[in-house]
Amino acid sequence: PRGLRLTSIVHHLDRVGWQAISIILLITFLIGAIIAQQAIFNFRRFGAEDYVVNLVGILVLREISVLIVAIMVAGRSGSSYTAELGSMKMREEVDALRTMGIDPVEMLMLPRVIALVVALPILTFLGSMAALVGGELVAWFYGGMSPVIFLSRLRDAVSLHDFYVGMIKAPVMALVIGIVACSAGLKVKGSAASLGFQTTASVVKSIFLVVVLDGVFAIFFASIGW
């Protein structure tokens, strides 16, 4: 704990958290609106428009929001981490830190990973709320369902377990993204081609692992009845 660099953590938390809020809110709002719009048009054939609330609420809180946010963070912040550490490796700054007796993992990697683990659950929560607002507005304009009725049905359709599932997934996905991105940056050799390759590999691996983790969590929570 004595070696924890709080200033660096706050700096990275501002970059991966605060500065990402606007794009996360926009994307998740649109995703929620699209899900609700497609659900209304298809459920209308069977006279089951009321179940739009169930679909949007459960899908957003359990799966879509955390998945979209994690993918966005992997592409936005993960690639940035890899490029930053890779550039430092190319300029031999990492070797200079080791020469001075400073652990690069403790100084460079740990603050970035901690910032991601703290920021991703917050972004997931905000993204979930934005997606629900998008679904609510579409249900109001396309389905004639007032916000009061939407919220009342949403309260009956979802439970705290649905909310907890998304929140539990978020820090685990953040940990995976941070470790993959930073380790890829430290693998960069002395050429620009290596930097580009590792940055691309970092994003692809992070997104792949996020999707795999989401599937593992889905199987696990289904097995315990959540």
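Some values worked out for this structure:
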{"item": "Residue check for ALA70: more than 20 Å from LEU137 (Cα to Cα), surrounded by 21 or more Cβ atoms within 10 Å (Cβ to Cβ) and among the small types (Gly, Ala, Ser)", "result": "yes"}
{"item": "Selection count where residues are farther than 22 Å from GLY143 by Cα and hydroxyl-bearing (Ser, Thr, Tyr), scope the range 21-39", "result": "1"}
{"item": "Check on THR99, under 21 Å from ALA33 (Cα atoms) and among the hydroxyl-bearing types (Ser, Thr, Tyr)", "result": "no"}
{"item": "Residue within the range 157-179 that is over 18 Å from THR28 (Cβ atoms), among the β-branched types (Val, Ile, Thr), assigned to a helix (DSSP H, G or I) and at pLDDT below 90 present", "result": "no"}
{"item": "Positions within the range 71-85 being closer than 10 Å to VAL188 by Cβ and either out of contact with any Ser or Thr (no Cβ under 7 Å at 6 or more places or on another chain) or among the hydrophobic types (A, V, I, L, M, F, W, C) (or both), in sequence order", "result": "ALA83, LEU85"}
{"item": "GLU93 vs. criteria charged (D, E, K, R) and open to solvent by less than 50 Å² (accessible area, probe 1.4 Å)", "result": "no"}
{"item": "Answer from ALA139, ALA115, ALA119 - the residue that is touching a His at 6+ places or on another chain (Cβ under 8 Å), surrounded by 20 or more Cβ atoms within 10 Å (Cβ to Cβ) and either assigned to a helix (DSSP H, G or I) or touching a residue at least 12 places away in the same chain (Cβ under 8 Å) (or both)", "result": "ALA115"}
{"item": "Count of the range 16-41 residues which are open to solvent by 60 Å² or more (accessible area, probe 1.4 Å) and over 13 Å from the mean Cα position of the chain (by Cα)", "result": "9"}
{"item": "Inter-residue pairs, beta-carbon under 6 Å, first closer than 19 Å to ILE179 by Cα and in the range 83-111, second surrounded by fewer than 19 Cβ atoms within 10 Å (Cβ to Cβ), 6+ apart", "result": "LEU85/LEU186; PRO104/LEU97; GLU106/GLY3; PRO111/ARG5; PRO111/SER8; PRO111/ILE9"}
{"item": "From VAL211, VAL203, VAL188, residue being open to solvent by less than 50 Å² (accessible area, probe 1.4 Å), among the aliphatic types (A, V, I, L, M) and closer than 12 Å to ALA74 by Cβ", "result": "VAL203"}
{"item": "Residue match in the range 181-191 (condition: within 15 Å of the chain's Cα centre (by Cα) and either in contact (Cβ under 8 Å) with a residue 24 or more places away in the chain or in a helix (DSSP H, G or I) (or both))", "result": "yes"}
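The values are calculated or read from the model by the stated rules, or taken from the named source; none is laboratory data. Bear in mind the structure is a predicted one, so any value in this text is a computation, not a measurement. For neighbour counting, all protein chains shown are included, and Cβ atoms are generated from backbone atoms with ideal geometry for every residue, glycine included. Each accessible area value is taken on the protein alone, full model and side chains, heavy atoms only, with ligands, DNA and RNA left out. Shrake-Rupley method; radii C 1.70, N 1.55, O 1.52, S 1.80 Å.
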